[in-house]
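Notes follow the structure.
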Amino acid sequence: MTGRVAGKVAFITGAARGQGRSHAVRLAQEGADIIAVDICGPIDTVDRIPPTTPEDLAETADLVKGFDRRIVTAEVDVRDYDALKAAVDSGVEQLGGLDIIVANAGIGNGGNTLDKTSEADWTAMIDINLGGVWKTVKAGVPHILSGGRGGSIILTSSVGGLKAYPHTGHYVAAKHGVVGLMRTFAVELGQHNIRVNSVHPTNVNTPLFMNEATMKLFRPDLENPGPEDLLPIGQLMHTLPIGWVEPVDISNAVLFLASDEARYITGVTLPIDAGSCLK
């Protein structure tokens, strides 16, 4: 078959909806089989958006199958290394190997300044957005190594992994930490022809951004702000005249980094940010 990642297997976390689902579908479009995991349930301290569900993950699977690709799914919390390892082990057994890891799962919570951030919000943020990324790679790397073909690992950071924003300090700290993980994995795994890079989205049109709490954080001057009220604030964050990007914009970057087109690119922080880092 043809495709930019034809014949490869990708392990993707946070795949039930949003960017994770988009990554699974985009890689499947280009020939990859998928191991997709998601918590599919509520997370303590995250109450501003509805939790993902088993039905969401099943919909991702149906979309992947629509491109005649195979997919193995599991309901897994990325804080649980043993469950992550079991999921990827089972997926590799069924699909025959592993070539790509996309450590995408993440949360948003809180909204206070750092000195007023609760310990519960801090711990959940670091354990999922940083610890979960480490555990995802830790679970998957042995399979890439055993394949002996090299591979590509993509970690989801954020523009908040490259610069600071107020009221999201625990998120900024976690996403900066992801860059440290990426660079260290790139140094350690390069000898095995395994490339490691990070993607740094700005605002993305998913439930993690398009929700009531975020709208109120951006527009405290309005009683019931909507997406149209977010737009001018979002535009102020960018040099290009847009308020946010779409999930497929991130997926196209992930696809490039996963493909052989990026065969000598490693240790790179790639912003998909409409110029946000220039501001």
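The values are calculated or read from the model by the stated rules, or taken from the named source; none is laboratory data. Note that the structure is a prediction, hence the values are computed from the model and not measured. Counting neighbours? That spans all protein chains shown, and the Cβs are built from the backbone with ideal geometry, glycine included.
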T113, sole failed condition from (1) in contact with a Pro (Cβ under 8 Å, 6 or more places away or on another chain); (2) buried (at least 20 other Cβ atoms within 10 Å of the Cβ): (2)
Meets criteria (closer than 23 Å to I126 by Cβ, acidic (D, E) and either out of contact with any Gly (no Cβ under 7 Å at 6 or more places or on another chain) or in a helix (DSSP H, G or I) (or both)) for D44: yes
Of the criteria (1) touching a Ser or Thr at 6+ places or on another chain (Cβ under 6 Å); (2) in contact (Cβ under 8 Å) with a residue 40 or more places away in the chain, which one E261 fails: (1)
Filtered residues of the stretch 132-159 (kept if free of Cβ contacts under 8 Å to residues at least 40 places away in the same chain and closer than 19 Å to T202 by Cβ): none
From I49, I12, residue being touching a His at 6+ places or on another chain (Cβ under 7 Å) and either more than 17 Å from L95 (Cα to Cα) or among the β-branched types (V, I, T) (or both): I12
Inter-residue pairs, beta-carbon under 6 Å, first farther than 21 Å from E93 by Cα and in the stretch 24-46, second part of a strand (DSSP E or B), 6+ apart: C40/E75
Residue that is nearest to S158 (Cα to Cα), among those in the stretch 235-279 that are acidic (D, E) and surrounded by fewer than 16 Cβ atoms within 10 Å (Cβ to Cβ): E246
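Rundown of residues vs (1) under 27 Å from D249 (Cα atoms); (2) outside any helix (DSSP H, G or I); (3) touching a Cys at 6+ places or on another chain (Cβ under 6 Å); (4) small (G, A, S), yes/no style:
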{"residue": "A15", "(1), (2), (3), (4)": "yes, yes, no, yes"}
{"residue": "G31", "(1), (2), (3), (4)": "yes, yes, no, yes"}
{"residue": "T52", "(1), (2), (3), (4)": "yes, yes, yes, no"}
{"residue": "D62", "(1), (2), (3), (4)": "yes, no, no, no"}
{"residue": "V72", "(1), (2), (3), (4)": "yes, yes, no, no"}
{"residue": "D82", "(1), (2), (3), (4)": "no, no, no, no"}
{"residue": "A86", "(1), (2), (3), (4)": "no, no, no, yes"}
{"residue": "L98", "(1), (2), (3), (4)": "yes, yes, no, no"}
Qualifying positions in the stretch 106-137 - in a loop (DSSP other than H, G, I, E, B) and within 14 Å of the chain's Cα centre (by Cα): G106, I107, G108
Filtered residues of the stretch 45-82 (kept if farther than 24 Å from S152 by Cβ and of a type in the set (A, V, I, L, M, F, W, C)): V46, I49, A58
L114 vs. criteria under 30 Å from F218 (Cβ atoms) and touching a residue at least 40 places away in the same chain (Cβ under 8 Å): yes
Within the stretch 211-234, tally of residues that are crowded, with 17+ Cβ neighbours inside 10 Å, in a loop (DSSP other than H, G, I, E, B) and within 26 Å of the chain's Cα centre (by Cα): 0
The stretch 180-207 - residue that is under 20 Å from D249 (Cα atoms) and of a type in the set (A, V, I, L, M) and, of those, surrounded by the fewest Cβ atoms within 10 Å (Cβ to Cβ): V204
H200 being of a type outside the set (V, I, T), in a strand (DSSP E or B) and modelled with pLDDT of 95 or more: yes
Test: residue in the stretch 138-159 that is over 25 Å from L257 (Cβ atoms), part of a loop (DSSP other than H, G, I, E, B) and in contact with a helix residue (DSSP H, G or I) (Cβ under 7 Å, 6 or more places away or on another chain): no
Identity of the residue in the stretch 135-176, among the hydrophobic types (A, V, I, L, M, F, W, C) and under 21 Å from S90 (Cβ atoms), that ends up surrounded by the fewest Cβ atoms within 10 Å (Cβ to Cβ): L145
